[in-house]
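Read the structure below first, then the notes.
Each reported figure results from applying straightforward, stated rules to the coordinates on display, with no laboratory input. None of these values were measured; they are calculated from a predicted model. Counting neighbours? That spans all protein chains shown, and the Cβs are built from the backbone with ideal geometry, glycine included.
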Amino acid sequence: MDYCWYFNYNCSSDYSTETCINNMIHSRISHTTSLLPDDSVLVTGGVSRSGVLNTRELYNSQTQTWMLITSMNVKRWKHTATVLHDGKVLVIGGYDGTECLSSAELYDPLAQLWKITDSITYIKDNVLLNQ
């Protein structure tokens, strides 16, 4: 993928816009995207031509630019990412290219740090791989 689209939907007017934005720094597939409370978009992991990624990119909707930020501790793709009520992002499971992962990481956007957290105790391939 050499380009990225930004979709904006306004619920009150039932009107949407599509805008082609600047390229991401690393092309990737099977990644996650999360809308953060400050309206920036967090992209984590995935796989590229060079293999499984632990890199993260942050899209600033105000400046319409991508920025590389602190990488995850574990390379993963086909994982899940959930924005929690406090604005932190919980990343769970996925695949590292060899095996299904039970590990989980918590990202704090204010501190811009990743923290390994408790692993999940039940691994089921189709759940971790989002199939």
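Descriptive notes on the structure:
- Normalised contact order of region 22-94, rounded percent, pairs of Cα under 8 Å and 6 or more residues apart: 28
- Sparse packing (at most 11 other Cβ atoms within 10 Å of the Cβ) combined with a DSSP loop state is found for the following trypsin sites (Lys or Arg not before Pro) in region 27-57: Arg49.
- All other residues whose Cβ lies under 12 angstrom from that of Val52 are scored, Lys and Arg at +1 and Asp and Glu at -1, for a net of +3.
- Annotation: extensible slack from Ser119 through Thr70 equals 15.6 nm (criterion: 0.36 nm per residue apart, minus Cα-Cα distance).
- Computed from label points 7 Å out along Cα-Cβ, the spacing between Asn60 and Thr33 is 2.0 nm.
- The residue among Thr55, Ile92, Ile116 whose Cα reaches farthest toward the positive pole of the charge dipole of region 25-128, with charges on the beta-carbon of Lys, Arg, Asp and Glu, is Thr55.
- Between Leu90 and Gln112, the simple label model (points 7 Å from Cα in the Cβ direction) yields a spacing of 2.6 nm.
- Prolate/oblate/rounded label for region 25-128 (Cα gyration tensor, a/c 1.5): oblate
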